[in-house]
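J.: Let me begin by handing over the structure; questions about it come next.
Please treat every number below as a calculation from the coordinates, not as lab data. Owing to the predicted nature of the structure, the values given are computational and were not obtained by experimental measurement. Cβ sites come from the backbone with ideal geometry, for glycine too, and all protein chains shown count toward neighbours.
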């Protein structure tokens, strides 16, 4: 009997529809401004006919491309070479081979169409890759679970000679094993999810509003230059007149943007983390979440390189914390390396720590604090925008002087308060098994890394550090770097210990 998935095969036939919608979406996203132009201009006669014919031809071409993309997409498991093999490409063939020992994790994702069709997107990540190595868009539930189980077993050095089991037997054994291994489950309730969204950093929502408005304006400006120029001039005149006459208008605008930012941030958290379920089994943390895109991830302790715990004053009062589990990634793309789990209670955070670390991460250790030179550096960096805008104000006078003074003073005050909070809260603790970095601005953050998972340590000493016996330390890890500036040179003794601890251990770091 042949081994499971040893023969090249295609994904589910519904993959044609998924490829079609994905390709069509890319076209619409790339040319939405042109589509908006034609809709607003309301073309008639021959022009309208040509547009309809062009759109029809586009649909046909995308459908043909989707079919051949589906036909050319083949995958299988090569047990002898110990690799997962993928062949794809319509106009040129692309071969991807992933050795079992390079597989970082196997995840499941599910968009709206995939839920309707009853299939999963199977994503295989490898350590150090710039993007997803393999994504199979349409795999039925049974095959997805079986592929994940086989690859997870093989990457851990399991038995590669297992034969295909009966489908019913696979499902029964998997459910029984999961039931027996499950130790605890945390479910994020709807009320907790909303509280998490309302108490999150709403500055991200403000940034999204700014980027959205800027993108819309720039795209429309390419097709409606005259109209947008008139709108911009009129808006500038209105704002300029109102700003000098009424602070109430500016206050109302700021309040509106703030409310909209909070709403967007809450909606983003709701969509991304809806129905979050975190389960600890005997050997892994299993996470499932998401409304628009449902994601399933299974993490073993050895894969987690850095644990980051974040909260803020409001969330701490509500007993809400966010855990960030960082796994190995490339420097070019570290966003995909972190798995964020918000809305956790303090007891759940402690359970995650206990599972990830056999020994206590609260061990005693030597604590280092930064020198005041670090505070000076931060304050100087923050003053640069004020100096730059002050020079522009002197030569160009782009805003009334009293308004510039008001904005610059408010900025410097808020910036200085945050930097003083960060400076006085910054600490680096080095123990026998763990390195812990803590700091506080608005968010309170703790980063924990096991010493044996470090890949190296860099120590730098700029000229202005020498007289004060200060150094700049960087701990290199497969998931990213932990940096600590302007620390006393006495930390070098601990660096020697860390290097010794890295060399003496035989434990696998991933």
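J.: Starting from 0.36 nm per residue, how many nanometres of slack lie between residue 316 and residue 504 once their C-alpha separation is accounted for?
T.: Details: separation 188, 0.36 × 188 = 67.68 nm, distance 3.92 nm.
In short, 63.8 nm is gained.
J.: Once the Cβ-Cβ distance between residue 433 and residue 101 is put in as r, and R0 is 41 Å, what FRET efficiency do you end up with, to the nearest 0.05? Provide the component values of the computation, followed by the final result.
T.: Working: r = 25 Å, r/R0 = 0.62.
Given R0 = 41 Å and the Cβ-Cβ separation, E is 0.95.
J.: Cβ neighbours within 10 Å, averaged per peptide: list 384-394, 257-267 in order, most packed at the top. Could the numbers behind the result be given before it?
T.: On the way: 384-394: 12.5, 257-267: 16.3.
Final packing ranking: 257-267, 384-394.
J.: At a 10 angstrom cut-off on C-beta neighbours, averaged per residue, how do the peptides 401-407, 12-18 rank from highest to lowest? Mind showing how you got there, number by number?
T.: Details: 401-407: 12.4, 12-18: 19.0.
Highest mean packing first, the order is 12-18, 401-407.
J.: Please give, to one decimal in nm, the separation of the simple spin-label points placed at residue 394 and residue 468, each 7 Å out from Cα toward the Cβ.
T.: Taking the simple label geometry, residue 394 and residue 468 are separated by 2.8 nm.
J.: Along each of the three principal axes of the Cα atoms of region 372-423, give the extent in whole Å, ordering the values from largest to smallest.
T.: On the principal axes, region 372-423 reaches 36, 16, 9 Å in Cα extent.
J.: Still on this model: For residue 71 and residue 413 in one chain, what is 0.36 nm times their gap in residues minus the Cα-Cα distance, to one decimal in nm?
T.: Stretched fully, the residue 71-residue 413 segment lengthens by 117.0 nm.
J.: What ranking of 495, 289 emerges when the number of other C-beta atoms within 10 Å of each C-beta is taken as an exposure proxy, fewest first?
T.: Details: 495 16, 289 22.
Lowest count first: 495, 289.
J.: So if R0 is 41 Å, what FRET efficiency would residue 291 and residue 421 give, r being the distance between their Cβ atoms, rounded to the nearest 0.05? Walk me through the numbers before you get to the answer.
T.: Working: r = 35 Å, r/R0 = 0.85.
The value I calculate is 0.75.
J.: Then there's this: Applying 1/(1 + (r/R0)^6) with R0 = 41 Å to the Cβ-Cβ distance of residue 380 and residue 492, what FRET efficiency is obtained, to the nearest 0.05? Intermediate results must be reported in sequence, preceding the final value.
T.: Working: r = 27 Å, r/R0 = 0.65.
The value I calculate is 0.95.
J.: Residue separation times 0.36 nm, minus the C-alpha to C-alpha distance between residue 255 and residue 141: what's the value?
T.: Details: separation 114, 0.36 × 114 = 41.04 nm, distance 4.69 nm.
Gain on extension, residue 255 to residue 141, equals 36.3 nm.
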